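A short worksheet on the structure shown next.
The values are calculated or read from the model by the stated rules, or taken from the named source; none is laboratory data. This is a predicted model, so every value here is computed, not measured. Positions of Cβ are generated from backbone atoms using ideal geometry, with glycine treated the same way; all protein chains shown enter the neighbour counts. These accessible areas exclude ligands, DNA and RNA; they are computed on the full protein's heavy atoms, side chains included. Shrake-Rupley method; radii C 1.70, N 1.55, O 1.52, S 1.80 Å.
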Amino acid sequence: MTGTAAAIHAATLTLDTHIDIRWPDPPDASTETDRRVDFPKMQRGGLKAAVFIAYTPQGKRDAEGLATASARAEAMLRHIRTRADGTTRRFCATAEELEAAHAAGALAVLSGVENGNAMARDLSRLKLWRDLGAIYLTITHDGHNDLADAARPKPDLGDGEAEHGGLSPLGRQAIAEMNRLGLLVDVSHSAKSSMMQAAELSRVPIVATHSCCRALCDHPRNLDDEQLDMLRAVGGLVQITALDAFLRPAPPGGRSPATVTDMADHVDHAVRRIGIDHVGLSSDFDGGGGIPGWKDASETLNLTTELHRRGYGARELDLLWSGNFRRLMRLAQKAAL
């Protein structure tokens, strides 16, 4: 293990694969804001790249609900592009662009869509999203949609435990189209049945962009060891995330006591179980993420420091912070060609 944690962190292409934004009326991210992530905080914390999310909550699947979700996702993707100025902040839609931004000393702005419900049953929207620069689609959020069953059904929307038994026929078509376009398949929020079927179906390795390990914390949003093994089998990736309830159970009526050391425990478990090549890092900042030790983007070095203390060197930290995710981005692009 060579170099100090700070030196390694400064040299590493640190990418956070899941950051939410306020919508509507997002603040100017080029200034100091009340959000956990803005560009000044990224600069202070040495966070070089961020995937900002066009998220739409699961609602009624009637014509009005679907149209509203579709319009919102598109507007958010268009907004995220404006967060880049082309010089100090570059918009990136490929691994090559991401690496070029890092080499130039610019922050990298990327985008993804969370909740395939915003497709509004129209596969052509996937091409629109990719053309706008999105690199992945999270196929469900909380609540089943027309593509797949979710890990957390929404009884208030009439959800039972399962609706499709995993992926729907439309969901299978969507994954094939995502493979064709170069959009990565994100299975965070998906039911285990949906996730396992997506892993088998997708020609490109799948990713869980913001999930943790069920063996350490029995939460419906986490992946069990069988799911982790499936990720290894297909060359996929779990991005361990800084959401306290996914890291340690909360006591009755209280808040989870999770800290950055618990996050590192989940990284350790996943690495021991499926290998360093199938594990990465994310925050879910401004979507519920943020823990003592990594409460916002300005504290990003603390996570590198904790992992370095546990024996992760420059090569391993590069893989965790972006190397593995860049590999998936390249595979998605290659499959699309």
Name the single residue that is most open to solvent (accessible area, probe 1.4 Å) among those in the stretch 267-280 being of a type outside the set (Val, Ile, Thr) and in contact (Cβ under 8 Å) with a residue 40 or more places away in the chain.
ARG273
Working only within the stretch 95-121, note down all residues that are surrounded by fewer than 23 Cβ atoms within 10 Å (Cβ to Cβ) and either closer than 20 Å to VAL187 by Cα or without any contact (Cβ under 8 Å) to a residue 24 or more places away in the chain (or both).
GLU96, GLU97, ALA100, ALA103, ALA104, GLY105, ALA106, ALA120, ARG121
Name the pairs: first residue in the stretch 31-60 and in contact (Cβ under 8 Å) with a residue 24 or more places away in the chain and open to solvent by 30 Å² or more (accessible area, probe 1.4 Å), second residue in a strand (DSSP E or B) and not hydrophobic (A, V, I, L, M, F, W, C), Cβ to Cβ under 7 Å, at least 6 apart or on different chains?
TYR55/ASP20; TYR55/GLU114; PRO57/HIS141
Between residues in the stretch 287-302 that are over 11 Å from VAL260 (Cβ atoms) and residues that are surrounded by fewer than 24 Cβ atoms within 10 Å (Cβ to Cβ) and of a type in the set (D, E, K, R), which pairs lie under 7 Å by C-beta distance while being six or more apart or on different chains?
GLY287/ASP20; ASP296/ARG36; ASP296/LYS41; ALA297/ARG36; ALA297/LYS41; SER298/LYS41; SER298/ARG44
Tell me, which helices (runs of 4 or more DSSP H) wholly within the stretch 30-131 include 2 or more residues that are touching an Asp or Glu at 6+ places or on another chain (Cβ under 9 Å), at pLDDT 95 or above and over 30 Å from PRO169 (Cβ atoms)?
39-45
Answer yes or no: is there a residue in the stretch 257-274 that is in contact with a His (Cβ under 6 Å, 6 or more places away or on another chain) and assigned to a loop (DSSP other than H, G, I, E, B).
no
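Rundown of residues vs (1) open to solvent by less than 30 Å² (accessible area, probe 1.4 Å); (2) under 13 Å from the mean Cα position of the chain (by Cα); (3) of a type in the set (Asp, Glu), yes/no style:
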| position | (1), (2), (3) |
| --- | --- |
| GLY235 | yes, no, no |
| VAL238 | yes, yes, no |
| LEU243 | yes, yes, no |
| GLY254 | no, no, no |
| VAL260 | yes, no, no |
| ASP265 | no, no, yes |
| SER282 | yes, yes, no |
| PRO292 | no, no, no |
Taking the stretch 303-322 only, how many residues are touching a residue at least 60 places away in the same chain (Cβ under 8 Å), open to solvent by 10 Å² or more (accessible area, probe 1.4 Å) and within 23 Å of SER111 (Cα to Cα)?
1
